[in-house]
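As structure tokens, the structure follows; a few thoughts come after it.
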Amino acid sequence: MTDADDLYGLPRADFIAARRELARRVRDAGDRAAAAEIEKLPKPTTAAWLVNQLVRAHPDAVEDLLALGTRLRDAHGRAAGPELRELGRERTELVRSLVKLSGTGLSEAITRELEDMFGTAVADEAAGETLRAGRLATAKDLRVEQTWPGLTLAPSPPTAREPARQATKPKPGGAADRRRKALAEAKAAVKDAESDRADADRAVRAAEDGVAAAEQRVRELNAELDAAEHAELDARRQLQAARRDAKAAERTAGMTWRRLQQVEAAD
């Protein structure tokens with residue numbers, strides 16, 4: 001183990017012991033600050049670990065995913081509807097194939113998390129580069145801040161003839177009435193849209209709170225697992241020491257017994 005990145009390529013069960021050993025070697029080499037940072041490296045969740053292994057085992061498939069993201073963003077920038085639909089279907093198939101490459105017999109929750117992580121890597125270039133690095137700890141490492149487009153009414157620029165038109169009393173049922181009616185309808189539509197957006201914002205915040213709570217629980221469980229793994233290692237050391245003591249005691253007892261037999265035979 002020579003680099004912190006290598007930790008994320010190990011079997012997940014070996015992460016804690018390998019992290020401790022790497023931190024010890026770095027500390028012994030004189031870099032206590034780096035050792036402290038290594039000790040803070042989080043153990044990856046199951047889904048994040050699967051993605052890290054996929055990056056190492058199937059780099060070409062990951063490159064296909066990131067290349068598709070570039071094509072999707074380009075097509076979106078050009079508002080290429082038919083191309084976007086085709087790329088959307090390709091995205092669905094590629095994400096599904098990557099989930100299959102990640103492992104078999106996966107739970108529904110892990111499958112959904114993998115799909116979300118691959119989908120985020122397609123949607124955001126920075127998230128894609130983070131995934132490519134292969135040292136994810138949780139899906140949160142790929143989080144992209146969502147933005148909600150606002151709706152505004154942009155007034156038409158005034159012209160030199162507008163004051164004269166405003167001075168003229170509009171005729172009932174004329175163009176001015178139609179404009180006022182259209183404006184009122186547009187304002188009502190904007191109000192409805194803003195209300196829908198507010199509802200969506202509340203739903204997003206509620207979902208984010210749920211994700212934050214779940215992530216906190218994952219951290220707590222990981223901490224408990226780390227403590228349990230430490231306890232297991234200590235118990236194994238104690239068992240080995242006890243076995244050595246037992247063997248030493250057995251040898252001593254054997255020697256004592258043979259000495260007793262010799263003394264009795266001499267009598």
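Laboratory data are not the source of any read-out in this text; all were calculated from the coordinates shown. Since this is a predicted model, take the numbers as computed values, not measurements. Cβ atoms come from the backbone with ideal geometry, glycine included; neighbour counts cover every protein chain shown.
What's the center-to-center distance, using Cα atoms, between region 62-89 and region 218-267 in Å?
Between the Cα centres of region 62-89 and region 218-267 lies a distance of 63 Å.
Which order do peptides 62-72, 46-56, 256-266 fall in by mean Cβ count within 10 Å, highest first?
Answer by packing, highest mean first, reads 46-56, 62-72, 256-266.
How much net charge surrounds Leu87 when only the other residues with a Cβ under 12 Å from the Cβ of Leu87 are counted, with Lys and Arg +1 and Asp and Glu -1?
+1
Mind checking the full-extension length gain between Ala123 and Arg180? Use 0.36 nm per residue of separation minus the Cα-Cα distance, one decimal, nm.
16.4 nm
Which of the peptides 126-133, 248-255 is most tightly packed, and how do the rest follow, judged by the mean count of other Cβ atoms within 10 Å per residue?
Result, highest mean first: 126-133, 248-255.
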